[in-house]
1. Being outside any loop (DSSP other than H, G, I, E, B), of a type outside the set (Gly, Ala, Ser) and over 38 Å from the mean Cα position of the chain (by Cα) narrows it down to one residue among LEU33, LEU12; which is it?
2. Considering only the range 1-54, how many residues are surrounded by 15 or more Cβ atoms within 10 Å (Cβ to Cβ) and of a type in the set (Ser, Thr, Tyr)?
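A short reminder: the numbers here are calculations on the coordinates, not readings from a lab. Because the structure is a prediction, the values reported are computed rather than measured. Here the Cβ positions follow ideal geometry from the backbone for every residue, glycine too, while neighbour counts run over all protein chains shown.
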Amino acid sequence: MNTAGLERARELLSAYGASRGRWPESERGLHDLLSQSPEGRAWLAEAAVLDLELDAFLPRPADPLRPARILKAARAEAGRRRMVRWISLAYAASMVLGLSLGYGLSMEPGTDDNHGGFLIGTTVIEEFL
């Protein structure tokens, strides 16, 4: 068997297993060629072991409560995200309010330039001293 034929036989062996009946009818000749060579028989034996393991596998029964648990977890996550958004909004609003009040309180009547007082709050502090 040439290299391309061996490669194709390995692909079919990986896809359909060692049982000749699972192979497509048009490809069963490659299965026969595999069973004639020592290397091919070793590959078939490896595939047969895997076939037995896969045939013995039993999936867990479906859990009827799983969709409800997934929805509950999704709602809880949405609630946490909503809470973070509200906290962020409250923080931003308090920053804007604080800056606005700080700027407004730093302005002394009759003066045109009070930007230095706004930056470090010296005008407000001097009023209390």
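1. Working: LEU12 fails: over 38 Å from the mean Cα position of the chain (by Cα).
Within the list LEU33, LEU12, the selection yields LEU33.
2. Total satisfying the criteria: 1.
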